[in-house]
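Participant: Provided herewith is a single structure, encoded as structure tokens, for subsequent inquiry.
The values are calculated or read from the model by the stated rules, or taken from the named source; none is laboratory data. Just so you know, these numbers come straight off a predicted model, no measurement behind them. With ideal geometry, Cβ positions are generated from the backbone for all residues, glycine too; neighbour counts draw on all protein chains shown. Ligands, DNA and RNA are stripped out before the accessible areas are found, and what is left, the full protein with its side chains, is counted by its heavy atoms. Shrake-Rupley method; radii C 1.70, N 1.55, O 1.52, S 1.80 Å.
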Amino acid sequence: QVQLVESGGGLVQAGGSLRLSCAASISIFSFNAMGWYRQTPGKQRELVAAITRGGSTNYADSVKGRFTISRDNAKSTMYLQMNSLKPEDTAVYYCNAGRSLLGLQIGYDYWGQGTQVTVSS
């Protein structure tokens, strides 16, 4: 069973930065694509950013220019560097392995437990 463990969430003031990490129990080279999603109460989980094995990326319009997704295959870890955070970025952030660059489920679909990010104004 593949396990994904997120870390790095917390409380930050608007304009601040956080870096999320997603550590996998197997080599992430196994995954064609990985991504970060977020969810707030009463809303659907949405794609924030995704990255392929080859390094192609896709970002939600709301985070372009502020967030950067990356992956370190040697460490089996994916990251999300979040800068210039806004209160509307407040959400539970989830790591995913398996969905496509556009967030479509095309086969296996592994999720982490989520990490809370809270941005105060």
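Participant: First measure r as the distance between the Cβ atoms of Ala60 and Ser25, then evaluate 1/(1 + (r/R0)^6) with R0 = 30 Å and state the FRET efficiency to the nearest 0.05.
Facilitator: 0.65
Participant: At 0.36 nm per residue, and after removing the present C-alpha to C-alpha distance, how many nm does the segment from Lys86 to Asn32 gain when stretched out fully?
Facilitator: 16.4 nm
Participant: Using a Förster radius of 30 Å, what is the FRET efficiency between Thr118 and Val2 based on their Cβ-Cβ separation? Nearest 0.05, please.
Facilitator: Numbers: r = 28 Å, r/R0 = 0.93.
E between Thr118 and Val2, to the nearest 0.05, is 0.60.
Participant: Within region 1-64, list the chymotrypsin sites (Phe, Trp or Tyr not before Pro) lying in a DSSP loop whose Cβ has at most 11 other Cβ atoms in a 10 Å radius.
Facilitator: Numbers: sites: Phe29, Phe31, Trp36, Tyr37, Tyr59; in loops: Phe31.
Loop-located and lightly packed - none at all.
Participant: Now for a separate question. Using a 1.4 angstrom probe on the protein heavy atoms only, line up Tyr108, Tyr93 by accessible area, largest first.
Facilitator: Tyr108, Tyr93
Participant: Each residue of region 35-40 in turn: what ³J(HN,Hα) in whole Hz from Karplus with 6.51, -1.76, 1.60 and θ = phi - 60°, glycine and Pro shown as x?
Facilitator: x, 10, 10, 9, 8, 10
Participant: Let me ask another. Give me P(r) over the chain, computed from all C-alpha to C-alpha distances, binned every 5 Å, as integer percentages.
Facilitator: Per 5 Å bin, starting at zero, the Cα-Cα P(r) for the chain comes out as 2, 13, 24, 26, 20, 10, 4, 1 percent.
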